[in-house]
Amino acid sequence: MPELPAHASPDLPPLYSPHPTSPGRDGFDFQTSAQGVEVEAHDTLARTKSHDPPASMVSPAFTPPATPGVSTPSHPRPPRSVPVDTSLHSDSPRPELLQKLPEVECEVRARIPTTTGHEMWLHVYRNSVDTKEHLAIVFGNQIRSRSLDAERPGETELDRMTRGAYVGRLYPGRTNSRVEQLKRAEGVPTKRRPESEFPQSEKSNGLLSPSSASSESGDVQTISSSELPLVRIHSECYTGETVWSARCDCGEQLDEAARLMADPILSPSGGAIIYLRQEGRGIGLGEKLKAYNLQDLGNDTYEANILLRHPADARSYGLATAMLMDLGLEGERGIRLLTNNPDKVRAVEGPGREVVVRERVAMVPLAWKTGGAQGIQSEEVEKYLSTKIEKFKHMLDQK
């Protein structure tokens with residue numbers, strides 16, 4: 001998470017419950033009419049000041065492009081990023097990595113209609129380590145699952161189309177999942193070479209787009225090494241994404257990742273959100289709510305997990321690495337990773353650097369970007385961000 005400004009006070013007062021009409025993750029008041037928003041915001045600010053909250057962490061030095069719910073400027077600015085190279089020696093401790101990556105398989109994929117930007121595809125994965133359905137939210141047509149396209153015994157063309165193993169668009173009356181079959185049925189020659197005809201070096205060095213075997217035109221596609229796909233590894237947060245919690249900015253982060261990846265200018269090669277079902281840093285929703293109660297008793301999120309006899313962070317990223325590999329995002333070409341957590345950079349790369357992170361893109365809170373005009377504003381989220389920076393070593397400084 002973002003780094004606190006130097007003036008932020010480490011001595012934080014006890015937490016309090018926000019007023020029911022305090023802003024949600026998009027700054028929306030769920031109870032007050034539009035005409036009363038300005039007055040309510042002023043009253044909420046006055047109440048907050050009366051509790052002597054910690055010094056504001058809003059950073060006026062950074063003003064990015066528009067955020068979810070706000071129209072994007074005609075010339076959006078790319079997000080700030082910094083080159084990284086984990087192969088270089090570092091004195092900082094490295095996270096423990098799985099010695100063997102899990103096995104993953106994409107069960108089904110479907111197009112999710114959106115109003116602007118890249119097309120979005122939702123992939124559901126099964127794996128060899130748990131029974132949960134982990135997800136990949138893919139933006140654009142240049143990223144595609146290999147296990148999805150693999151032939152499965154006894155399946156028909158309808159079976160393949162039903163589970164999403166098709167190219168192009170589905171339409172009433174379509175009978176084939178592959179463009180080549182459609183062209184041959186219509187007597188149109190196909191230009192695409194079979195994958196077996198590609199040199200081995202061309203297959204393994206990442207120059208061949210994972211979608212080249214299924215492009216709409218049937219032509220081979222390549223992706224420039226300068227156009228790195230944007231990736232976000234996002235852990236499930238029911239409270240922050242669904243029930244408008246102001247204890248964290250997880251829902252806001254999910255919205256922002258989608259906005260950046262959907263924009264063809266900001267992410268010309270598209271992107272992927274790997275959505276892992278590891279609620280509450282891996283402790284589950286019930287235990288997470290217990291941790292919330294401990295936070296109301298004066299503990300921070302790190303201390304609350306420890307008091308419940310859980311690791312401060314029980315998450316694992318081996319599944320994310322395996323899913324990225326299945327999506328064709330492994331290899332030396334590399335990705336841009338949307339995160340403030342330096343440990344996540346190393347963990348996502350895998351035990352053998354199967355995935356290479358070339359750039360780390362900062363995930364800056366919306367309130368920081370807008371000078372406090374938008375985003376989550378509560379004492380709880382200030383404390384949450386402070387704990388992430390001080391105890392989990394998340395960072396915003398990119399120098």
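Just so you know, all these numbers are worked out from the coordinates, no wet-lab data involved. Everything quoted here is computed from the prediction, not taken from an experiment. Glycine also receives a Cβ, built like all others from the backbone with ideal geometry; neighbour counts cover every protein chain displayed.
Let me have the relative contact order for region 98-170, percent, based on Cα pairs under 8 Å that are six or more residues apart.
29 percent
Quick one: length gained pulling Leu307 to Thr156 fully straight, 0.36 nm per residue minus the C-alpha distance?
Contour length minus Cα-Cα distance gives 49.0 nm.
Pull up all non-local amide H partners of Glu107: gap of 5 or more, or a different chain, and H-to-H distance under 5 Å with H placed in the peptide plane.
Val124, Tyr125, Arg126
Please go through region 290-351 and write out the trypsin sites (Lys or Arg not before Pro) that DSSP classes as loop and that have at most 14 other C-beta atoms within 10 Å.
Qualifying residues, ordered by number: Arg309.
Quick one: length gained pulling Tyr171 to Arg277 fully straight, 0.36 nm per residue minus the C-alpha distance?
34.9 nm
Give, as a single signed number, the net charge of other residues whose beta carbon lies under 15 Å from the beta carbon of Val104, with Lys and Arg counted +1 and Asp and Glu -1.
On the way: positive: Lys100, Arg109, Arg126, Lys132, Arg144, Arg146, Arg277; negative: Glu103, Glu105, Glu107, Asp130, Glu133, Asp149, Asp326, Glu330, Glu354.
Charge balance near Val104 sits at -2.
Return the sequence-ordered ³J(HN,Hα) values of region 321-333 in whole Hz as given by the Karplus equation 6.51 cos²θ - 1.76 cosθ + 1.60 applied to θ = phi - 60°, using x for Gly and Pro.
Result, ordered by residue: 4, 5, 5, 5, 5, 5, 7, x, 9, 8, x, 6, 4 Hz.
³J(HN,Hα) across region 163-172 via Karplus (A = 6.51, B = -1.76, C = 1.60, θ = phi - 60°), whole Hz, x for Gly/Pro?
Once θ is set to phi - 60°, the couplings for region 163-172 become 8, x, 8, 10, 10, x, 10, 7, 7, x Hz.
When ranked by the protection proxy of mean other Cβ atoms within 10 Å per residue, highest first, what sequence do the peptides 132-140, 291-299, 255-263, 352-360 form?
Ranked by mean Cβ neighbours within 10 Å, highest first: 255-263, 132-140, 352-360, 291-299.
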